[in-house]
Structures are given as structure tokens and as C-alpha cells.
Amino acid sequence: MQINESVENYLESILMISKRKGNVRSIDIVHELNFSKPSVSIAMHRLKDNGYVKIDDSGNLTLTKKGMAIASATYERHELLKAFLLHIGVSDATAEDDACKMEHAISEETFECLKEVYKKIEK
């Protein structure tokens with residue numbers, strides 16, 4: 001399975017929902033991402049088949065180590081990009097939207113450089 005923006009969004013959503021609620025079910029992702037139930041169901045089974053999530057008998061979703069690594073990296077990029085945008089004066093709503101877009105497109109090299117710059121700004 002190729003790791004693309006869609007996969008990153010699903011995994012990041014599972015992580016974020018689990019931080020807020022604990023248990024995560026497919027319907028939570030439907031509401032979080034505003035996707036259809038069938039689309040989310042198909043995606044969850046693909047993620048399960050590829051070893052990124054586990055689905056228990058009650059329909060609860062949990063990230064595997066492999067899924068958590070991608071979700072955490074995506075979430076870290078999102079949070080840093082949003083914080084950086086807020087710091088330079090971008091409104092909260094725009095920073096949130098732009099961070100969602102940028103987190104998938106930014107290279108690892110650029111992200112690491114931004115992290116270093118942001119650390120200096122925070123001090």
C-alpha cells in the first residue's frame with residue numbers, strides 16, 4: 001500500500017480521535033473527515049489488511065506500530081506547521097486548513113529545518 005495523503009489523513013484521524021475519546025470506531029472517522037460510511041469502511045479494511053490498524057470484534061480501531069509511526073509523524077508536522085503559521089499572524093482557521101494541506105506536501109528535509117527555526121523562535 002502506498003502511503004499517500006488519504007492514508008495519512010485516516011491514520012492521523014484515528015490518533016486524534018483516540019486522544020480525545022479513547023475508543024475509535026469507523027463512524028467517528030466518518031464524522032471527523034466528513035466522508036461516507038462505505039468509503040471509511042473500505043479504507044479501514046485496507047488499512048487493516050496492510051497492517052496499519054487493528055479492528056476488534058466490537059469495531060474498535062487501534063493503530064499498529066506501523067500505523068502509529070505514520071500517524072504520529074503526520075500529527076507532528078500538522079501541529080508544528082499550525083503553530084508556525086499562527087506565530088507569523090495567520091488566523092486560527094486558516095492556519096488549521098493550511099497546515100492540513102502542507103503536512104502532506106512538505107519534504108522531511110524542509111520539515112526538519114522548520115523545526116529548528118521554530119525552536120529558535122520559541123526561545
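Where a number appears in this text, it was derived from the coordinates with a stated rule and is not lab data. On a predicted model such as this, the values are computed, not experimentally measured, just so you know. We place every Cβ from the backbone using ideal geometry, glycine too, and count neighbours over all the protein chains shown.
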Fill in the blank from the handout: Exactly one of LYS19, LYS66, LYS82, LYS48 is of a type in the set (D, E, K, R) and either outside any helix (DSSP H, G or I) or in contact with a Leu (Cβ under 9 Å, 6 or more places away or on another chain) (or both), and that residue is LYS48
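Name the residue, out of GLU116, GLU103, GLU32, GLU76, that is assigned to a helix (DSSP H, G or I) and in contact (Cβ under 8 Å) with a residue 24 or more places away in the chain.
Working: GLU116 fails: in contact (Cβ under 8 Å) with a residue 24 or more places away in the chain; GLU32 fails: in contact (Cβ under 8 Å) with a residue 24 or more places away in the chain; GLU76 fails: in contact (Cβ under 8 Å) with a residue 24 or more places away in the chain.
None of the others qualify; the one that does is GLU103.
Between GLU96, GLU32, GLU8, which is touching a helix residue (DSSP H, G or I) at 6+ places or on another chain (Cβ under 8 Å), closer than 30 Å to GLU116 by Cα and crowded, with 18+ Cβ neighbours inside 10 Å? Let's see the steps before the verdict.
Numbers: GLU96 fails: crowded, with 18+ Cβ neighbours inside 10 Å; GLU32 fails: closer than 30 Å to GLU116 by Cα.
Only one candidate passes the filter, namely GLU8.
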Completion exercise
Reported set for the stretch 58-82 where residues are under 20 Å from ALA105 (Cα atoms) and surrounded by 15 or more Cβ atoms within 10 Å (Cβ to Cβ) is GLY67, MET68, ILE70, ALA71, ALA73, THR74, TYR75, ARG77, HIS78, LEU80, LEU81, LYS82
